[in-house]
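Some notes on the structure that comes next.
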Amino acid sequence: MKLRKIGFWLVPGALILVAALIVIPALAASPPRLGGTAPSFALPDLRGNQIQLAAEIKSHRVTLVNFWATWCPPCRQEIPELIALYKRYKPQGLQLLAVDLREDPGEVKAFAARQGMTFPVLIDSNGRVADKYGIYYIPTTYILDGDGRIRAKFEGGTTASALRAKIDPLLKGK
């Protein structure tokens, strides 16, 4: 009889422990705040080169970090907007880092080529960078100034005009 009681509590107790080990760290990592410094990271691009956020920030006036996935309809919808934005503002000092979440690099590479994505596409294969940024929705886009401070955040799909409204003053130094 005592063994049944132990077994009765052992399974739910083990499930609660596993859930706590998964949920508590996620809750502890709060997303970075507007005006704060963007969390640093290094991720491989589609050619296998390590791209470091700090180096990109140093060499550009404005950096967009866009978290996305190929299967995400709003992500797919905003890609043409991001491509047009990048082409327009790259000569003025804009960098766009498209951080793909937990997908096969080969599939992402083929997708990016079909879409004409000429900006760096990075692979966050284990989701650690997304966790650092508190990504709960995709797409999510952060706009960083030349000092690495977060100037804007867009959760969900956005438009080039909404992004331009935040980027223009940063590129003009205001």
Fill in the blank from the handout: Once the in-chain neighbours fewer than 8 apart are removed, the aspartates and glutamates whose Cα is under 18 Å from K90 read E56, E78, E81, D145, D147, D168
Practice task
For segment 72-151, state which trypsin sites (Lys or Arg not before Pro) are in a DSSP loop and have at most 11 other beta carbons lying within 10 Å of their beta carbon.
Solution key: R102
Completion exercise
Stretched fully, the stretch from Q92 through T118 gains (0.36 nm per residue minus C-alpha distance, one decimal, in nm) 7.7 nm
Problem - Candidate aspartates and glutamates for bridging to K109, where Cα separation is under 15 Å - those fewer than 8 sequence places away on the same chain excluded - result: D45, D100, D124
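Under the rule a/c < 1.5 gives rounded, and otherwise a/b versus b/c splits prolate from oblate, where does segment 34-171 land using the Cα gyration tensor? Display every interim value, and only then the final one.
Working: a/c = 1.37, a/b = 1.21, b/c = 1.13.
Since a/c stays below 1.5, the shape of segment 34-171 is classed as rounded.
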Completion exercise
By Cβ neighbour count within 10 Å, fewest first, S30, S40 rank S30, S40
Handout entry: Fewest-first ranking of I57, I83, using other Cβ atoms within 10 Å as the exposure measure
Key = I83, I57
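Loop-only chymotrypsin sites (Phe, Trp or Tyr not before Pro) in segment 133-174, please: DSSP not H, G, I, E or B, and at most 13 other Cβ atoms within 10 Å.
Details: sites: Y133, Y136, Y137, Y142, F154; in loops: Y133, Y136, Y137.
Counting only loop positions with at most 13 other Cβ atoms within 10 Å, the chymotrypsin sites (Phe, Trp or Tyr not before Pro) in segment 133-174 are Y136, Y137.
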Fill in the blank from the handout: For R149 and S40, extending 7 Å from Cα along the Cα-Cβ vector and measuring point to point gives, in nm, a value of 2.0 nm
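For T141, T158, T70, what ranking results if the residue with the fewest other Cβ atoms within 10 Å of its Cβ goes first? Don't skip to the end; give the middle numbers.
Working: T141 24, T158 21, T70 18.
Least crowded to most crowded, the residues run T70, T158, T141.
Values quoted throughout were computed directly from the atomic coordinates according to the rules given, and no laboratory measurement underlies them. A quick note: this is a predicted structure, and the numbers were derived from the prediction, not measured. Because the Cβ atoms are built from the backbone with ideal geometry, glycine has one as well, and the counts that use them run over all protein chains shown.
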